[in-house]
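Written out below as structure tokens is the structure these notes cover.
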Amino acid sequence: MTSTLPPTEDDPYQIQSKFEILRVLQAIEKGGLLLHMEANQGNDRIVTTILDIDLDNNVVVIDTANKEEKTRNLLQSEHTHFETSLDKIKVTFQGPTPEVVSYEGQPALAIPIPESIRRLQRREFFRVNVPVSEPAMVILRLNNESKSFLLHDISGGGLSLVDESQSLAEVIGTHKTESLLELPQAGSFVVALQVARTETQQLPNGKQIQRLGCTFIDLSASTQMAIQHYIGRLERQQIAKQRGHG
């Protein structure tokens, strides 16, 4: 039984040490923490727990779904995603199709011990400025029209955008469920945003613009990972520039 999802080397939130991975998994098991499991591209979800970490067979044993139909659906999924919170830190990992095993005389599911775990500490919400030399954009639907706005900064929890035309004054507190986020070298993603706040900024030439702070709503695991990869790349570019290499 082997994992089908190799670790991504440039993920700044990734743990690849086998010792540390086992330590995190054992803490989840010992604490009886609820584990949110997604399968079939998020169409099937259950809440489960880790029953055992079987080092001899290199697998994590988890509880089955409480409905047989749900379990059958999980067994048809090529990839699985797991998420929990440990000491107020979000922990996620991936797995292949689970296998049915027996644990203490009862049916259970097993996946390989993951090759990597992502641990998203509070720093995931630190904002990183988007360079003007490599602009990122958000496209919003306003009054049945699509309008593009430049990003000022972005974090794992949200973003702020530049509203030079001050056309977004009426949308504070509203949800924009089908916004298109375009990140250079990362791709385009449909995201749900809540416009949380606004501030007016005066430019050196005297022109006033608005900056709007937006919060991501229910990001998918794949989009969240792509955004974190993008943020990590910007951070590395900024560090290289500070050291005189960029």
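Values in this text are rule-based calculations from the coordinates and carry no lab data. Keep in mind that what you see is a predicted model, and the values were worked out from it rather than measured. Note that each Cβ is placed from the backbone with ideal geometry, even for glycine, and that neighbours are counted across all protein chains shown.
Worth a mention:
- Tilt relative to the chain, helix 18-30 - C-alpha long axis, 0 to 90 degrees, to 10: 80
- In order through region 131-136: 3J(HN,Hα) via Karplus (6.51 cos²θ - 1.76 cosθ + 1.60), integer Hz, x for Gly, Pro: x, 5, 6, 9, x, 10
- Whole-Hz couplings from phi, Karplus 6.51/-1.76/1.60, listed for region 214-224; x for Gly and Pro: 10, 10, 5, 10, 6, 5, 5, 4, 5, 5, 4
- Paramagnetic reach from Ser85 (point 7 Å along Cα→Cβ, amide N under 18 Å) across region 207-230: 216-221
- Given the alternatives [x] -0.39, -0.97, -1.06; [y] -0.36, -1.08, -1.21; [z] -0.32, -0.92, -1.03, log10 I(q)/I(0) by the Debye sum over Cα atoms at q = 0.08, 0.14, 0.15 Å⁻¹ as computed for this entry is given by [x].
- Listed values for region 52-60 are Karplus-derived 3J(HN,Hα) couplings in whole Hz (6.51 cos²θ - 1.76 cosθ + 1.60, θ = phi - 60°), namely 6, 10, 8, 5, 4, 9, 6, 10, 9, and x replaces Gly and Pro.
- Between Gln185 and Leu55, the contour length at 0.36 nm per residue exceeds the Cα-Cα span by 42.9 nm.
- Normalising the average separation of contacting C-alpha pairs (under 8 angstrom, six or more residues apart) by the number of residues puts the relative contact order of the chain at 15 percent.
- Point-to-point label distance, Arg236-Thr97, nm (Cα→Cβ direction, 7 Å offset): 3.4
- Bridgeable lysines around Lys207 (alpha carbons under 22 Å apart, same-chain partners fewer than 8 residues away excluded): Lys147.
- Pairwise FRET efficiency - Lys207 versus Asn73, Cβ, R0 = 51 Å, nearest 0.05: 0.40
- Across the options Thr223, Leu161, Gly42, the greatest Cα extent toward the positive end of the charge dipole of the chain (unit charges at beta carbon of Lys, Arg, Asp, Glu) belongs to Leu161.
- With 0.36 nm allotted per residue and the present C-alpha distance subtracted, the Asn66-Glu145 stretch has 23.9 nm of extension available.
- Close amide H contacts of Thr64 (hydrogens built in the peptide plane, cut-off under 5 Å, sequence separation of 5 or more or a different chain): Leu109.
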